[in-house]
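All remarks here apply to the structure that follows.
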Amino acid sequence: MKKNNKKSSESAQRKAIQARSRKTKLTVGMDLGDKWSHCCFLDGEGEVVEQCRVKTTREAVKARFGELKQALVAIEVGAHSRWVSQMLSELGHEVIVANAREIRAITGSDRKSDKVDAEKLARYARVDRKILRPLRHRGEEVQVDLLVLRCRAVLVKTRTQIVNAVRGMVKSFGYRMPKCSTEKFAQLTNLVPALLRESLKPLMEALEQVQKKIEEYDERVKKLATEKYPETKVLRQVWGVGEITSVSFVLTIEDKERFGKSRDVGPYLGLRPRRSQSSESDPELRITKAGDCFLRSLLVECAQKILSEKAPDTALKQFGMRIEARGKKKAKKRAIVAVARKLAVLLHKLWVTGEVYEPFPGAREKKAA
């Protein structure tokens, strides 16, 4: 009996909200959880109309927001924010995806709860959406293509763990495996000491399968780079930038016109130093590490290659070497990050203009003069 009364009251409340939404546009704050999400509905005057929980599933979200007239919905970026924002947009609602780094009043509150967070999101969205520093999610097709790179990265990490485990186990018995690259390690099964061969055989077989799958992913990445995203070719003019980095760069940024200046790419990828200036105090801080960590790590790897001894001489390499030569604390790391940031700017510039890469910009003009 109580359940029936509860259902009837909820139904009546929903009808009342729908009736009010026809008169005034509602603002909804939605705190996304893994299983349940909390919603707070505000009317045009900022009064709380309803607070409720919704299951974080496609069916439940569609059932709750499908009959609602167009509303402004604010959600926080997270694991479920991409598909939730896409579904709400398809249902006709205006969606704001809030940047979690910019809303410390929610994440750092001493009275944090799902209910309070949902209401704060709604009130921020109603007053000034710029407070939430809205993000834009990538398209579904681009996200699916990015999965190819992410899945490959998981297998590469697994391969490294297996190789390190085998080397460590062999070493604990007084033996050593020959030096070789991780790609070739699966071929060393016959070189495992006879005493340990039977125990380590399943691990070496698993490593062989992982290596085969990585090679399959490499072929898929190559196909993406040459057939689906041919614009990545101009990025690979830079020494040290391969198919994985170029495809990841194009897919992560998605729209090359989203930045007014190529210099904005560095901060977008978290390669800009933090700032905490107050009065005359302005200390040097670490980079923000905002944005996509996968692409950032790839750019750092490319920067390490560019600064290596075998790398050809370029203006980018000389730039990093000058920073390293200053000899300050952690000069090498500073140089790598600085080159990675400059590389991100360079790649975006090449993508936008389609120009031929010049290792030393302006060198031809000087010679002609």
Acute angle (nearest 10 degrees) that the helix 114-127 long axis makes with the longest principal axis of the chain, alpha-carbon atoms = 90 degrees
remark   = Rounded to the nearest 10, the angle in degrees between the Cα long axis of helix 331-353 and the longest principal axis of the Cα atoms of the chain comes to 70 degrees
remark   = Tilt, helix 2-23 to longest principal axis of the chain (alpha-carbon atoms), in degrees rounded to tens, equals 90 degrees
ask   = Between Cys52 and Arg150, what is the FRET efficiency for a Förster distance of 41 Å, r being their Cβ-Cβ separation, to the nearest 0.05?
value = 0.75
message = Only Cα pairs within less than 10 Å get springs; with that Gaussian network setup on the chain, which residue of Leu299, Leu203, Leu307 has the largest fluctuation?
response = Leu203
Local electrostatic count, Thr182, Cβ distance below 13 Å [Lys/Arg +1, Asp/Glu -1] = +2
key: Residue among Cys302, Cys180, Cys52 with the largest mean-square fluctuation in a Gaussian network model of the chain, springs linking Cα atoms under 10 Å   = Cys180
key: Label-to-label distance, nm, for residues given as Cys293 and Leu135 (7 Å Cα→Cβ offset)   = 1.2 nm
request  = Consider a paramagnetic label point 7 Å from the Cα of Gln209 along Cα→Cβ; state which residues of the stretch 158-173 have an amide N under 15 Å from it.
outcome  = 158-159, 162
remark   = Rounded to 0.05, the calculated FRET efficiency for the beta carbons of Lys333 and Lys62 at R₀ = 41 Å is 0.25
message = Just to confirm the filter: which GluC sites (Glu not before Pro) across the stretch 273-369 are DSSP coil and have at most 15 other Cβ within 10 angstrom of their Cβ?
response = Glu280, Glu284, Glu309, Glu355
key: Compactness of the chain, expressed as Rg and Dmax over alpha-carbon positions, Å   = 26.5, 92
query = In the stretch 190-222, which trypsin sites (Lys or Arg not before Pro) are in a loop and have at most 12 other Cβ atoms within 10 Å, using DSSP for the loop call?
reply = none
message = Sort Asp34, Asp218 by heavy-atom solvent-accessible area, probe 1.4 angstrom, most to least.
response = Asp34, Asp218
inquiry  = Suppose each label sits 7 Å from its Cα in the direction of the beta carbon; what would the Asp313-Arg197 distance come out to in nanometres?
reply    = 5.2 nm
task = May I have the extent of the alpha carbons of the stretch 166-320 along their three principal axes, as whole Å values ordered from largest to smallest?
result = 66, 47, 30
request  = Take the chain, connect every pair of alpha-carbon atoms lying under 10 Å apart with a spring to form a Gaussian network, then pick out the residue of Ala122, Ala335, Ala60 with the largest mean-square fluctuation.
outcome  = Ala60
key: Packing-based order for 229-240, 40-51, 336-347, using average beta carbon neighbours within 10 Å, highest first   = 336-347, 229-240, 40-51
note = Once Asn190 and Phe360 are pulled to full extension, the length gained, defined as 0.36 nm per residue separation minus their Cα-Cα distance, is 56.3 nm
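The values are calculated or read from the model by the stated rules, or taken from the named source; none is laboratory data. Being a predicted model, the structure only gives us computed values, none of them experimental. Here the Cβ is made from the backbone with ideal geometry for all residues, glycine too, and neighbour counts use every protein chain on show. Accessible surface is based on the protein model in full, side chains and every heavy atom, while ligands, DNA and RNA are left aside. Shrake-Rupley method; radii C 1.70, N 1.55, O 1.52, S 1.80 Å.
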